[in-house]
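For reference, the structure discussed in these notes is given below.
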Protein chains: 2
Amino acid sequence: MLSSRISRPVCLVGLGLIGGSLLRDLVAAGDTAYGYNRSTSGARKAVSEGYDVSDDLPRVLRRAEEDNALIVVAVPMFAVGAVLDQIAEYAPSCGISDVVSVKWEVYAEIRKRGMEARYVGGHPMAGTSESGWNASRKGLFERATWAITYDYADQQQEKGQPIDAGWIELFTDVVRMASATGAEAIPARVVNHDHAVARVSHLPHLMALALSVTGDNGGILAQSLAAGSFKDATRVAGTNPELIQAMCETNSVALSEALEEAIELLAEAHDTLSQDPPSIRELAVAGNRARRRLEARTGARRESVSPVKISSRPVLRFHPGSPGWVNQLRQTESTGGRMEIF
Amino acid sequence: MLSSRISRPVCLVGLGLIGGSLLRDLVAAGDTAYGYNRSTSGARKAVSEGYDVSDDLPRVLRRAEEDNALIVVAVPMFAVGAVLDQIAEYAPSCGISDVVSVKWEVYAEIRKRGMEARYVGGHPMAGTSESGWNASRKGLFERATWAITYDYADQQQEKGQPIDAGWIELFTDVVRMASATGAEAIPARVVNHDHAVARVSHLPHLMALALSVTGDNGGILAQSLAAGSFKDATRVAGTNPELIQAMCETNSVALSEALEEAIELLAEAHDTLSQDPPSIRELAVAGNRARRRLEARTGARRESVSPVKISSRPVLRFHPGSPGWVNQLRQTESTGGRMEIF
């Protein structure tokens with residue numbers, strides 16, 4: 001059961017790996033999508049590939065305002081505030097989403113400008129260690145998860161206040177946009193999202209970096225002997241270090257907590273490894289059990305021999321705005337479930 | 001320039017993932033190879049696939065003695081001593097190699113039995129998180145590295161003693177065997193090997209285990225959001241925990257040292273991440289640089305668009321036993337280079 005189409009054009013601000021791939025997917029799906037790229041040469045490259053792209057942000061935003069587009073902010077965190085200011089000026093009535101990997105800082109910028117009722121945050125959990133338009137490609141989000149925030153609705157309900165009808169339509173379109181790329185749309189409030197990705201996205205980057213350095217310290221023989229497990233484990237350390245910094249440093253509180261847990265586990269293993277006889281049994285058993293749980297949850301999707309792709313995530317099929325729907329989102333969030341709109 | 005064929009049959013003791021894959025490769029290359037599997041059903045399975053396999057170890061070893069086979073010990077570390085005792089009894093003049101991932105403990109067992117002059121250790125750096133004959137497959141070692149020890153020759157030279165001609169032939173055949181599987185043969189003395197793999201193989205297992213537990217502690221939403229980077233980073237935590245323990249615990253001294261370095265890097269990152277403003281710049285820059293060095297060294301082999309597979313490792317083409325050859329091995333080892341015999 002596929003969700004129906006997005007009800008409005010999509011305007012992408014920023015056409016790097018994520019924004020560029022999203023533009024390609026939307027156009028391929030037959031949706032109207034256009035965008036802005038800061039770099040003139042990048043914009044030209046996209047135009048030469050047949051995409052509707054400009055390097056003139058005010059012009060692109062005025063057009064978005066005219067056709068009531070959904071604006072997706074796909075720039076690095078440090079540029080988000082400035083882009084929101086431009087949106088406030090040139091596209092004051094458009095709905096806004098984004099693809100930034102940490103959500104609280106974006107939400108702080110949104111709140112600062114009183115844009116809560118026109119914002120639905122997003123974070124597609126996909127990527128490579130490459131960046132820029134040239135790294136973008138169709139199908140990047142296929143079967144990835146796409147976290148979608150709903151803090152405005154959650155808070156309105158807490159306060160006993162009505163939820164703006166425009167926000168409900170915006171939320172619906174953001175879920176449809178994620179679905180259009182083949183991703184699974186997962187509801188997640190800002191704080192919960194940031195705590196989760198600290199563990200499954202940002203911490204892996206820190207571990208990969210530390211492992212890269214420690215392996216490198218082993219000298220040329222160690223590097224020469226490095227096989228698949230080392231390469232896989234350090235792959236994300238190849239990402240532009242400024243992007244890694246941006247992700248990790250904007251999520252420092254949640255990441256710090258997760259990192260502390262990981263250090264403690266490693267320190268305990270170090271203690272028992274230094275005993276006579278050496279042992280790492282506790283970590284080996286606990287880690288293997290945790291990994292198998294992960295496989296049980298997601299393995300079927302990846303390794304199934306069946307040509308039909310079946311998600312292992314529980315699904316919520318719902319109609320945004322119907323009675324009890326915000327509670328349904330909370331329930332789905334707590335089980336890591338996905339949303340399908342009918 | 002391919003090395004020529006192994007001069008004798010190969011007898012595999014143990015037909016799990018590594019031993020089984022080696023048997024398949026050697027038979028496919030047209031070499032004579034046969035083996036022993038402890039499990040009767042496993043042996044039957046191999047026989048039903050057309051392989052020359054028995055579950056009777058004394059019989060297999062007597063045959064090896066008769067046709068002067070190269071015996072490759074491919075059992076877990078805890079079983080190595082018992083297998084060597086059987087070899088001493090039933091195949092007292094055969095050359096011996098092995099595929100165990102830590103070399104000093106095997107070498108201790110070899111020394112205990114005075115077998116140094118008939119032993120050349122090996123460690124193919126390949127594997128999956130699966131184990132057993134059913135997990136074995138042809139081509140597992142293609143383009144992997146295969147560490148090959150030469151401590152006996154190194155020590156004889158140190159002592160100004162001659163190197164046994166039989167040992168030189170054995171070393172030659174072990175290099176040829178590795179080459180026959182498509183692997184790159186890398187000379188590495190026992191201690192250097194163990195220090196290197198502590199960093200690039202055993203430490204990644206500990207990191208993967210700790211990361212799996214920390215991710216799992218994030219609950220269902222975190223698991224649901226876990227994407228490629230987390231799955232790649234934790235893949236090896238899916239290995240049988242007893243195998244991980246065996247590897248890590250037998251290499252506890254070198255691993256402990258590497259683990260301490262990694263913990264220190266992470267603890268420093270934790271400190272700077274908790275400052276205001278938070279920063280992980282030092283680790284991000286150092287880790288990225290280290291990872292890029294690794295890519296520069298091995299990337300070309302993996303990602304080349306050329307159909308011709310070119311190794312990025314320096315090559316030593318040599319004739320074992322020729323003047324200065326042990327020094328050539330030391331030199332090659334220090335640059336992580338590979339060997340080709342002519």
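Read-outs: derived from the displayed coordinates by stated rules, not from any lab. Quick caveat: nothing in here was measured; it's all calculated off a predicted structure. Here the Cβ is made from the backbone with ideal geometry for all residues, glycine too, and neighbour counts use every protein chain on show.
Laid out as a table, the results:
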item: Shielding by partners, peptide A:140-151 (average Cβ within 10 angstrom, other chains); result: 1
item: Tensor-based shape of the stretch A:151-213 (alpha-carbon gyration tensor, a/c under 1.5 rounded, otherwise prolate or oblate); result: oblate
item: Calculated label separations, B:D276, copies of the chain, 7 Å along the beta-carbon direction, nm; result: 5.0
item: Cα-Cα P(r), the stretch B:249-290, percent of pairs per 10 Å interval; result: 28, 40, 24, 8, 0
item: Rg ratio (alpha-carbon, reference 2.2 N^0.38 Å) - the stretch B:136-180; result: 1.47
item: The stretch B:104-198 - Kirkwood radius from inverse mean 1/r over Cα pairs (Å); result: 14.4
item: Over the stretch B:44-167, equivalent-ellipsoid semi-axes from the Cα gyration tensor in Å; result: 26, 19, 13
item: At 1.306 mPa s and 10 °C, Stokes D of the stretch A:114-255 from Kirkwood alpha-carbon radius, µm² per second; result: 91
item: Cα coordinate range in the stretch B:169-313, projected on the principal axes (Å, largest first); result: 61, 38, 30
item: Distances in nm from A:S4 to the matching label points in the other copies, shortest first (labels 7 Å along Cα to Cβ); result: 7.7
item: Inter-chain shielding of A:247-257 (mean C-beta neighbours from other protein chains, 10 Å cut-off); result: 4
item: Three principal axis lengths of the stretch B:13-61 [C-alpha, angstrom, descending]; result: 25, 20, 18
item: Residue-averaged beta-carbon neighbours from other chains (10 angstrom radius) around B:174-185; result: 0
item: DSSP-defined antiparallel bridges as percent of all bridges, chain A, nearest 5; result: 15
item: Convex hull per residue volume in Å³, alpha carbons only, for the stretch B:86-159; result: 126
item: Stretchable slack from A:A267 to A:R38, in nm (0.36 nm times residue separation minus alpha-carbon distance); result: 77.9 nm
item: Length-normalised contact order for the stretch A:123-207 - Cα pairs under 8 Å, 6+ apart - percent; result: 36
item: Chain A - mean residue ellipticity at 222 nm from DSSP helices (-39,500 (n - 2.57) per run, n ≥ 4, rounded to 500); result: -16500 deg cm²/dmol
item: Packing-based order for A:75-86, A:91-102, using average beta carbon neighbours within 10 Å, highest first; result: A:91-102, A:75-86
item: Debye log10 I(q)/I(0) for the stretch B:1-87, one point scatterer per Cα, at q = 0.24, 0.26 Å⁻¹; result: -1.25, -1.43
item: Charge dipole (chain A, unit charges on Cβ, about Cα centre) - positive-most of A:I341, A:T250, A:S39; result: A:I341
item: Alpha-carbon centroids, the stretch B:203-279 and the stretch A:46-107: separation in whole Å; result: 37
item: Extent along principal axes [Cα atoms of the stretch A:165-247; Å; largest to smallest]; result: 62, 25, 19
item: Share antiparallel - DSSP beta bridges, the protein assembly as shown, percent rounded to 5; result: 15
item: Distant alpha-carbon pairs in chain A (separation over 27 angstrom), percent; result: 49
item: Peptide ranges B:139-150, A:274-285 listed from the most packed, as the mean C-beta count within 10 angstrom indicates; result: B:139-150, A:274-285
item: Cα radius of gyration and Dmax for the protein assembly as shown (Å); result: 28.6, 91
item: Copy-to-copy label separations for A:K159, where each label sits 7 Å from Cα toward Cβ, in nm and ascending; result: 8.4
item: Relative packing of peptides A:63-69, A:209-215 - highest average C-beta neighbours within 10 Å first; result: A:209-215, A:63-69
